[in-house]
1. Taking E53 as the residue in question, decide whether it is surrounded by fewer than 21 Cβ atoms within 10 Å (Cβ to Cβ), within 19 Å of the chain's Cα centre (by Cα) and at negative phi.
2. Being closer than 11 Å to M151 by Cα and of a type in the set (G, A, S) is the filter here; which residues of region 168-195 pass it?
3. As an exercise: evaluate T36 against (1) under 22 Å from E167 (Cα atoms); (2) in contact (Cβ under 8 Å) with a residue 40 or more places away in the chain; (3) part of a loop (DSSP other than H, G, I, E, B) and give the number of the one condition it does not meet.
4. When residues of region 1-31 are filtered for being more than 20 Å from D130 (Cα to Cα), within 18 Å of the chain's Cα centre (by Cα) and not hydroxyl-bearing (S, T, Y), how many remain?
5. Being in contact with a helix residue (DSSP H, G or I) (Cβ under 7 Å, 6 or more places away or on another chain) and surrounded by fewer than 23 Cβ atoms within 10 Å (Cβ to Cβ) is the filter here; which residues of region 14-44 pass it?
6. With the condition kept exactly as written, say whether any residue in region 93-114 is touching a residue at least 40 places away in the same chain (Cβ under 8 Å), among the small types (G, A, S), in a helix (DSSP H, G or I) and within 20 Å of T36 (Cβ to Cβ).
7. Of the residues T63, T28, only one is among the hydroxyl-bearing types (S, T, Y), part of a helix (DSSP H, G or I) and either in contact with a Leu (Cβ under 9 Å, 6 or more places away or on another chain) or at pLDDT 95 or above (or both); which?
Amino acid sequence: MKAKSDKPTVSIIMPVYNAEKYIAEAITSVIRQSFTDWKLIVVDDCSEDRSAEIARRLADTDTRISICINDKNHGAAGSRNKGIALADGEWTAFLDCDDIWRADKLERQLALAEKTGAGLIYTSYSLFSDEGGSRKSKNYMVPAVVTYRSMLRENYIGCSTVMVKSELLDEHRFSEALHHEDYALWLELLKCGVKAAGCRQVLTDWRITPDSRSAHKISAAKSRWTILRNVEKLPLHTSLSCFAVYAIRGVIKRYTGYKTVTGA
């Protein structure tokens, strides 16, 4: 049996910047996990609101939560990398400060990791918006298996859904020079032969806000092209083919109607 003083099974990294509206809900979703052997590292990136104060208040109620304050703004990638350097769990999971986990998220991912032997575990998720006073959502169902080749055409892996074997992050980190640094990292790991497996259940709620990077489609498209051409160094015809599939699927994904959540 694992002693309480031992390292956690899962270290959770949460980068935070000006998220006072959402951070309590995000942290609470970690506290409510059915799997309890975790430690949460909140990395505040010089927030100008009450984000750090709210995080500290919750940390006072749960010793598994620690707060790290950046000395200067490093962005999401730099904050995640700082959290990785502080983490000591067997697995590392990521949760953005405006997203939410379902209560059995970690439990189901660890079971799938044991079953498949995969080093990268991701989940289906619900894209939701609660702007305007009512919560609307739509589910994005992921495949059970992804490969480097399939991921070139569509990024199936949402960052807040990921749990990765920590030893894989010793030599692989988020690029602080890219807009979609998480997508670039998943490609890098898959290209190195890391096996990835997906939980088909919706276990993560991904919040879409007017300020979220997911809402800026032109910037996202430019970033995707940069990754295909300059990072992966794909031939022009291959890049065009992958980008075309990405664009078509992106339109379908964006304009598939939201489903109103009853009672939200």
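The values are calculated or read from the model by the stated rules, or taken from the named source; none is laboratory data. Given the structure is predicted, the values throughout are model-derived calculations rather than measurements. Ideal geometry is used to build each Cβ from the backbone, glycine not excepted, and the neighbour counts take in all protein chains shown.
1. So E53 does not fit the description; no.
2. Result: A184, single match.
3. T36 satisfies every listed condition except (2).
4. The total comes to 7.
5. Across region 14-44, the qualifying residues are N18, E20, A24, Q33, S34, F35, W38.
6. yes
7. Going through T63, T28 in turn, the sole match is T28.
Here's the yes/no breakdown for (1) closer than 23 Å to R102 by Cβ; (2) surrounded by fewer than 16 Cβ atoms within 10 Å (Cβ to Cβ); (3) free of Cβ contacts under 8 Å to residues at least 24 places away in the same chain:
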{"residue": "I157", "(1), (2), (3)": "yes, no, no"}
{"residue": "K165", "(1), (2), (3)": "yes, no, no"}
{"residue": "L169", "(1), (2), (3)": "no, no, no"}
{"residue": "F174", "(1), (2), (3)": "no, no, no"}
{"residue": "L187", "(1), (2), (3)": "no, no, no"}
{"residue": "K191", "(1), (2), (3)": "no, yes, no"}
